[in-house]
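The values are calculated or read from the model by the stated rules, or taken from the named source; none is laboratory data. The structure displayed is predicted, hence computed values, not measured ones. FYI the Cβ positions are ideal-geometry reconstructions off the backbone, even for glycines, and counts take in every protein chain you see.
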Amino acid sequence: MSHLSSPREEFETVLPVLTNVSLERELPLGQRLWQQGWIRKGLILIVLALVWEAIARYQNNDLLLPSFVQTAQALYAGLVSGELLGKVWISLVVLVKGYLIGIALAFALTTLAVSTQLGRDLLSTLTSMFNPLPAIALLPLALLWFGLGQNSLIFVLVHSVLWALALNTYAGFLGVSETLRMAGRNYGLKGMRFVLFILIPAALPSILAGLKIGWAFAWRTLIAAELVFGATSGKGGLGWYIFQNRNELYTDKVFAGLAVVILIGLLVENLVFDTLERVTVKRWGMQR
Amino acid sequence: MNAPLPGHTVSKPNATAQALLSVDNVSLEYRTPQRVVRATHQVSFEIDPADRFVLLGPSGCGKSTLLKAAAGFIQPVEGEIRLQGQRVDAPGPDRIVVFQEFDQLPPWKTVKQNVMFPLLASKTLKRKEAEERALHYLNKVGLAAFADAYPHTLSGGMKARVAIARALAMQPKILLMDEPFAALDALTRRKMQEELLLLWEEVRFTLLFVTHSIEEALVVGNRILLLSPHPGRVRAEVHSHQYDLHSLGGVAFQESARRIHRLLFDEGQSPETERELDFADIRIAY
């Protein structure tokens with residue numbers, strides 16, 4: 001049974017070209033500035049600094065809580081004399097060595113896990129055993145095995161990076177869609193080439209998350225190890241700087257050391273990892 | 001015109017040339033955690049060069065599984081699949097598959113790099129020649145302007161076109177398509193069917209196409225294999241070379257569609273088809 005025709009009439013419109021309506025407009029300058037992450041985060045830091053200064057002035061005890069201005073002065077003095085920068089450099093060199101070795105081992109372990117059943121069992125067992133173990137707890141053992149050199153620090157750093165990164169990378173590999181895997185096999189990719197060209201790029205968001213976590217653990221562990229362990233061959237790192245100045249009750253220099261730890265963390269997070277994300281997973285639409 | 005259906009499962013080979021892809025008595029099974037399920041049972045068919053062969057059937061008839069077996073992802077439990085006489089036992093770049101899902105394109109490569117990817121990964125061509133060939137096929141599918149765009153910025157139809165360009169750029173022996181247009185909206189689907197036929201006119205590739213739509217099968221294919229479900233077995237093979245996108249809605253087209261529907265969903269023998277009345281059949285009664 002068809003409907004009766006509607007009382008409204010049909011029509012057609014000829015669409016003219018729209019010239020006087022702009023289809024895109026730029027955001028106003030204020031909104032565009034606010035889009036910049038570093039401006040917003042910088043404002044947060046400034047507010048925190050002001051709060052700190054206010055509390056320190058209220059306490060009025062230089063030994064317990066130096067003010068923001070005093071810490072800034074100590075930081076400036078340390079930077080200008082080259083002492084802080086030298087210690088930072090020593091710490092970073094050790095960190096990078098341990099980080100890279102940790103990445104290589106995590107990659108090897110995960111590739112094994114992806115290809116064989118034994119590898120899977122090995123990965124899950126080792127990770128559940130060693131991941132909860134704090135790296136600092138291994139430091140005395142490392143000192144016993146590797147002596148007082150850099151190697152014990154590197155051992156402890158590798159332990160702190162390896163398990164978190166391996167877990168994240170493996171989870172990322174498992175999350176690669178079946179269609180993408182089939183497409184890769186369709187091209188004739190097998191084995192290591194398959195892992196390199198299909199699995200790693202597809203799992204990159206998880207891998208980057210693992211790298212960030214691994215970096216945070218490693219940096220934390222390094223400073224703590226240097227606090228406990230001290231100098232290697234007469235040259236100490238940033239943790240040793242903090243430890244020494246605490247002993248001599250230069251609390252403003254302690255705060256300056258801590259501030260440098262924080263600043264380096266912020267810099268690596270925002271400069272290195274954010275840029276890496278922007279150039280890879282965000283550009284590819286794999287992560288918002 | 002209305003010949004009775006062939007009583008056996010393989011269409012009579014009337015050409016003397018060797019078939020390009022021959023599926024011979026293939027049974028496929030797949031494992032779930034609880035049991036092993038037989039997806040297809042003793043299916044046989046042959047595809048000739050420049051055929052547009054369609055596998056049509058309801059869900060559960062194993063058509064996608066058959067396509068994956070032809071691509072080499074699944075090993076047959078019984079029977080064998082041969083491509084130009086050689087047995088298919090692993091996936092390879094001479095049988096490129098166009099999948100249904102949108103994430104078949106690696107998102108970390110631009111459109112042009114995606115089309116070049118199989119050429120470089122299979123070491124078929126050097127970088128410069130691969131780039132030229134990629135741009136040539138991107139031109140054919142109408143996406144030359146988007147060569148440096150990333151897949152996540154493209155619409156569904158454009159992604160399907162990139163996947164087709166990527167498959168064609170390998171110049172494979174056979175192009176395998178697993179319901180490639182099923183995830184697209186109806187208007188884009190029509191356009192893509194038309195473009196596929198135009199591409200075929202130009203390039204004359206051999207196509208194995210899986211679909212669940214009777215209309216799509218009649219439009220796109222020149223031979224349709226009907227599979228009935230649980231497990232997949234060959235029900236019939238039907239000609240459809242006489243139809244294209246302009247035949248939609250025509251009388252013969254509708255008749256074929258009804259016949260296919262009856263074959264797929266009705267049990268038992270097909271009724272005797274009516275003979276067309278001829279001039280000589282008319283007797284004038286006084």
(request) Can you give me the ranges of the helices (runs of 4 or more DSSP H) entirely in the range B:148-250 with at least 2 residues that are among the β-branched types (V, I, T) and within 12 Å of the chain's Cα centre (by Cα)? (result) B:214-220
(request) Please indicate, with yes or no, whether at least one residue in the range B:30-44 is among the aromatic types (F, W, Y), within 14 Å of chain A (Cβ to nearest Cβ) and assigned to a loop (DSSP other than H, G, I, E, B). (result) no
(message) Condition first: out of contact with any helix residue (DSSP H, G or I) (no Cβ under 6 Å at 6 or more places or on another chain), among the hydrophobic types (A, V, I, L, M, F, W, C) and within 12 Å of another protein chain (Cβ to nearest Cβ). Now tell me which residues in the range B:146-162 satisfy that.
(response) B:L154
(request) All but one of (1) in contact (Cβ under 8 Å) with a residue 60 or more places away in the chain; (2) more than 30 Å from A:R288 (Cβ to Cβ) hold for B:A69, so report the exception by its number. (result) (1)
(message) I'd like the full set of residues that are over 16 Å from A:L199 (Cβ atoms) and not charged (D, E, K, R), limited to the range A:98-125.
(response) A:G98, A:Y99, A:L100, A:I101, A:G102, A:A104, A:L105, A:Q117, A:L118, A:L122, A:S124, A:T125
(request) Please go through the range A:95-113 and pick out each residue that is buried (at least 22 other Cβ atoms within 10 Å of the Cβ) and of a type in the set (V, I, T). (result) A:T110
(message) Given the condition more than 14 Å from chain B (Cβ to nearest Cβ) and surrounded by fewer than 16 Cβ atoms within 10 Å (Cβ to Cβ), answer yes or no: does some residue in the range A:174-197 qualify?
(response) yes
(message) So for the range A:204-217 (the condition being at pLDDT 90 or above and facing chain B (nearest Cβ under 8 Å)), does at least one residue qualify?
(response) yes
(message) Regarding the range B:136-145, can at least one residue be identified that is within 14 Å of chain A (Cβ to nearest Cβ) and of a type outside the set (G, A, S)?
(response) no
(message) Any residue that is among the polar types (S, T, N, Q) and away from every other protein chain (no Cβ under 14 Å) - is there at least one of those in the range A:133-150?
(response) yes
(message) Suppose we filter the range B:163-188 for residues that are under 18 Å from B:K63 (Cβ atoms), buried (at least 16 other Cβ atoms within 10 Å of the Cβ) and either touching a His at 6+ places or on another chain (Cβ under 8 Å) or more than 13 Å from every other protein chain (Cβ to nearest Cβ) (or both); how many remain?
(response) 2
(message) Going residue by residue through the range B:73-86, is there one that turns out to be more than 10 Å from every other protein chain (Cβ to nearest Cβ) and under 22 Å from A:L199 (Cα atoms)?
(response) yes
(request) Confirm whether A:A166 is more than 17 Å from B:L105 (Cβ to Cβ), more than 9 Å from every other protein chain (Cβ to nearest Cβ), in contact with a helix residue (DSSP H, G or I) (Cβ under 6 Å, 6 or more places away or on another chain) and surrounded by fewer than 21 Cβ atoms within 10 Å (Cβ to Cβ). (result) no
(message) Looking at B:G62 and the list (1) within 13 Å of chain A (Cβ to nearest Cβ); (2) on the phi > 0 side of the Ramachandran plot; (3) buried (at least 23 other Cβ atoms within 10 Å of the Cβ), which single condition is not satisfied?
(response) (1)
(message) Just the residues that are of a type in the set (A, V, I, L, M, F, W, C) and without any contact (Cβ under 8 Å) to a residue 40 or more places away in the chain, please, taken from the range A:164-186.
(response) A:A171, A:L174, A:V176, A:L180, A:M182, A:A183
(request) Considering only residues that are free of Cβ contacts under 8 Å to residues at least 12 places away in the same chain and away from chain A (no Cβ under 14 Å), look in the range B:87-135 and name the one that is nearest to B:K159 (Cα to Cα). (result) B:E132
(request) Could you pull out the residue among B:T211, B:T206, B:T188 that is among the polar types (S, T, N, Q) and closer than 16 Å to B:I96 by Cα? (result) B:T206
